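The values are calculated or read from the model by the stated rules, or taken from the named source; none is laboratory data. Model, not experiment: these values are computed from the prediction. Backbone-built Cβ (ideal geometry, glycine too); neighbour counts: all protein chains shown. Heavy atoms of the whole protein, side chains included, go into the accessibility calculation; ligands, DNA and RNA do not. Shrake-Rupley method; radii C 1.70, N 1.55, O 1.52, S 1.80 Å.
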Amino acid sequence: ACPAAPKPCRLVPGAPVTLPAGPDILRTYSGTFVCLEILFGGLVWILVASSNVPLPLLQGWVMFVSVTAFFFSLLFLGVFLFRMVTQIDANWTFLDFAYHFIVFVFFFGAFLLEAAATSLHDLQCNTTMAVKPLLSDNQYNINVAATVFAFVRTACYGCSLALAFRRWRP
């Protein structure tokens with residue numbers, strides 16, 4: 001007698017939906033968004049650093065959030081890519097939601113601060129010799145690009161958050 005063929009996997013209503021482990025994560029929308037978060041996060045990090053951080057109080061927080069979120073996104077992708085989720089017993093759907101919620105809130109704030117720093121382009125500062133704008137034209141252009149990429153990264157975190165919420169909600 002032949003063994004019975006395995007039944008195809010069907011999605012059962014109410015059953016938890018989780019992200020796949022291994023390279024299959026890169027074939028999902030969530031995996032794609034995490035890769036985009038890493039790419040745009042690196043760009044924000046590089047652009048803010050290359051502007052010489054003319055407003056350290058505002059842009060220091062942007063740098064901190066950008067660098068921290070960059071490394072945590074790499075770690076998050078690595079945990080799924082190297083199948084560590086199968087070895088660590090945790091509620092990964094909730095952790096996915098909680099991570100993306102926290103990072104979305106922090107990066108939305110960082111985006112607003114970067115936009116505020118960019119908007120101060122025409123602010124005049126007194127120096128010992130003359131009055132000059134707070135940001136040079138080069139710094140302004142770099143900050144505009146950083147603001148745009150920060151917005152795109154925030155949107156990616158928002159999409160990841162929506163997908164994570166969809167998987168997590170009961």
Considering residues that are surrounded by fewer than 18 Cβ atoms within 10 Å (Cβ to Cβ) and modelled with pLDDT under 85, the number found within region 1-53 is 23
I'd like the full set of residues that are closer than 20 Å to residue 116 by Cβ and open to solvent by 50 Å² or more (accessible area, probe 1.4 Å), limited to region 58-105.
61, 64, 104, 105
Out of all the residues in region 156-170, which are small (Gly, Ala, Ser), closer than 15 Å to residue 106 by Cα and touching a residue at least 60 places away in the same chain (Cβ under 8 Å)?
160
